[in-house]
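The values are calculated or read from the model by the stated rules, or taken from the named source; none is laboratory data. Computed from a prediction, not measured in an experiment: that's the story for all the values here. With ideal geometry, Cβ positions are generated from the backbone for all residues, glycine too; neighbour counts draw on all protein chains shown.
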Amino acid sequence: MKVYDIYSKRQKILMGEVPDVYQYEDIPTPLRVQIVHIMSDALGKQENQETLDMYKLIHDILCREYGKLSLLHKISLSLIDHIDDVRNFILQNEEINQVLDVVELSFRLIDRCYREPNIIELTEPEITPDDAIEELNIRFREHGVGYQYESGEIIRVDSQIIHAEAVKPVLHLLSDTRFQGANEEFLKAHEHNRHGRYKECLVECLKAFESTMKTICDSQGWSYQPGDAAKKLINVCFQNNLIPTYLQDQFSSLRQNLESGIPTMRNKNGGHGQGSQSLTVPQYFAAYQLYMTASTILFLVEAEKSLS
């Protein structure tokens, strides 16, 4: 991984010039340039035909989605032009979500394709997918930009500590094929949060929470009805000692927290008719919901592992 602890960086830290609060409205030019460098190292030598094909694939997917013939309005592009078009789109585009589109698509390609020996041999990348992803996330943090690449998607990060201690472990646990549905719903919640769709974020959080409990019930052979919502699923988990008996006194308030937490927040703010007055869900409320969902799912999955 090509991250160096250079003198000027250390001085900025000493002088307190490193951002300690995330922002989401701008991707600074130095960060954009660093992203281009990482992509260049990870996608391989541009004189190789397969590397050119990878850039063309990124370019063509984005053009189709945006309804364009080229990203920067050139009518005819050669293969080498596709590299410049993708890079300049990252460097020049003022729409932050579109820049993140390119980053997400490119790193998803790196993450999923560049682990194959034949692709590595044909493109000759200078860094591994894991190193590329790690450096990307470090660069986001260095510039105080609140996004990270996790599990194939760019997700918004509001607290690095909570992200590291709750969200990242949950994404790892939910990568188990048993939890495919819950994983998809939890990632959708993050996507809604990133795009400002906070009501939808609440709905997907509850879905992920319920799907996790249903998966655990299925794995353990516990009976429930397909249409059971969170409250009934919580009762099933308690009745079957998902929380060990010797811990139930200590966690006497857990049932109340579970019952009145995720489901209630969603029911009151996201999941029912809003009447004549539009309900507005603030971002900080959606962020709290995401982290509460993550920590609760983490608890449930780890508790299942402890069952004998």
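Criterion applied to Q46, Q148 was being outside any helix (DSSP H, G or I) and under 23 Å from the mean Cα position of the chain (by Cα), and the one residue passing it is Q148.
For the range 118-131, the count of residues that are within 16 Å of the chain's Cα centre (by Cα), outside any loop (DSSP other than H, G, I, E, B) and at pLDDT 95 or above is nonzero. Figure legend. Inter-residue proximity from the range 98-121: first residues under 19 Å from V86 (Cα atoms), second residues among the aromatic types (F, W, Y) and assigned to a helix (DSSP H, G or I), beta-carbon distance below 7 Å, spacing 6+ or different chains. Indicated pairs: V102/F89. The condition (being touching a Gly at 6+ places or on another chain (Cβ under 6 Å) and basic (K, R)) is satisfied by just one residue among R141, R108, R115, R87: R108.
Restricting to helices (runs of 4 or more DSSP H) lying wholly in the range 170-242: which have 2 or more residues that are closer than 29 Å to V157 by Cβ, under 15 Å from the mean Cα position of the chain (by Cα) and in contact (Cβ under 8 Å) with a residue 40 or more places away in the chain? Here the list reads 180-194, 198-220. I'd like to check something: does the range 241-248 contain any residue that is at pLDDT 85 or above, surrounded by fewer than 16 Cβ atoms within 10 Å (Cβ to Cβ) and either aromatic (F, W, Y) or in the same structural domain as F186 (by TED's automatic domain parsing) (or both)? Yes: the range 241-248 contains one or more residues that are at pLDDT 85 or above, surrounded by fewer than 16 Cβ atoms within 10 Å (Cβ to Cβ) and either aromatic (F, W, Y) or in the same structural domain as F186 (by TED's automatic domain parsing) (or both). On inspection, E204 qualifies as surrounded by 13 or more Cβ atoms within 10 Å (Cβ to Cβ), in contact with a Lys or Arg (Cβ under 6 Å, 6 or more places away or on another chain), at pLDDT 85 or above and of a type in the set (D, E). Here I155 fulfils each of the conditions (1) in a helix (DSSP H, G or I); (2) free of Cβ contacts under 8 Å to residues at least 60 places away in the same chain apart from (1).
Of all the numbered requirements in (1) at pLDDT 95 or above; (2) among the polar types (S, T, N, Q); (3) under 15 Å from I119 (Cβ atoms), Q49 misses one, and that requirement is (1). Cβ-Cβ distances below 8 Å connect the following pairs, each with a first residue in the range 122-139 that is under 14 Å from G152 (Cβ atoms), a second residue that is of a type in the set (S, T, Y), and a separation of six or more residues or different chains: P129/Y114; I133/Y149; L136/Y149; N137/Y149.
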